[in-house]
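These notes are about the structure you will find just below.
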Amino acid sequence: MHKISIFAGILVLFLALTGSALPLQAESTITCPPGTLDSLDWLTLDSDLRATQHMAGPNGFGIWTVVWPDKFWWMKTPSGDTWDVFLYDSQTVYLWLTEESWNHPYNYKRNSQNTNFPAVPRCVQPGYPGSAIPIANTGYRIAINCAEGSEMFLGKAVMEWWGPYTAGNPGQEPGLRPPVGGQIPNNTPVYTLSYRWGCNNSYSNCAAKEEYILAQRYGLVQYNFWNLVNGQYVLATTGNNNTVANGVTQPFFPCF
């Protein structure tokens, strides 16, 4: 692996939105120690944008972000009924809950201990990877009509934080990450939250990998899904959320 210098300092970028240039600003969240960054700031669309706008992309993709004091939503539909939900505190951000199928908000998949999927430290160190969290307990439950079934497991899992890269660079993680495009300039710093699951007991030979590509101020700007085929990860799905668009929604979350 090549040695890459750690991104530091403040980078000011401009995007043309509704006919005017919008400077890049970090949302005030928490103060992290020198050399680390607040992962929540990179995971979420900043408050001044999410008050009236969301991230959209080609092929019908979109992410509407809502942040509460203990959790945040990436909503995938304008009706707010299909979501990934993360819990967070001052120490850690956790994967918590996702849809079981789109547009069916009474059905969901919840990690059974609520915080048994730590995704990334709240104050995370950049690096390649900067954080790696092995997850032994991958227990989760599927709910149908709000009634949760028996506990199931995904094998072992690993959550990793990689970067910085740039939005136009395929990066050095396994495989070739496609450029983000849209309104995200190619030189925009991005981080990758990588989630490998279906791993064996040594946390290797993981059946699948999900990648969340994150840009400060904009949050999730690209999603990639990879399958392990003959020992190599093969890109199966990619979706960009690379344009700021008008419109907001609220979570429709009837089971809680």
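Derivation of every value follows stated rules applied to the coordinates shown; laboratory data play no part. Everything quoted here is computed from the prediction, not taken from an experiment. When we count neighbours, we look across all protein chains shown, and the Cβ atoms used for this are built from the backbone with ideal geometry, even at glycine.
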_Residues that are part of a loop (DSSP other than H, G, I, E, B) and polar (S, T, N, Q), drawn from region 119-134_ = Gln125
*Report the residue count in region 140-149 for those that are in a loop (DSSP other than H, G, I, E, B) and of a type in the set (A, V, I, L, M, F, W, C).*
1
*Can you tell me which of Cys206, Cys255 is over 27 Å from His104 (Cα atoms) and assigned to a loop (DSSP other than H, G, I, E, B)?*
Cys206
*So which of Ile184, Ile144, Ile133 ends up being more than 19 Å from the chain's Cα centre (by Cα) and of a type outside the set (Asp, Glu)?*
Ile144
*Counting only residues that are within 23 Å of Phe256 (Cβ to Cβ), give me the strands (runs of 3 or more DSSP E) lying completely in region 23-107 with at least 2 of them.*
62-67, 71-75, 83-88, 92-99
_Sole residue being under 19 Å from Trp226 (Cα atoms), among the polar types (S, T, N, Q) and not in a strand (DSSP E or B), chosen from Asn169, Asn137, Asn116_ = Asn169
*asked:* For a quick check of your reading of the model, give me the residue pairs whose first member lies in region 192-211 and is within 23 Å of Asp41 (Cα to Cα), whose second is of a type in the set (Asp, Glu) and in a loop (DSSP other than H, G, I, E, B), with beta-carbon atoms closer than 7 Å and at least 6 apart or on different chains.
replied: Thr192/Glu173; Ser194/Glu173
*Report the residue count in region 95-115 for those that are closer than 18 Å to Asp70 by Cβ and either aliphatic (A, V, I, L, M) or more than 16 Å from the chain's Cα centre (by Cα) (or both).*
8
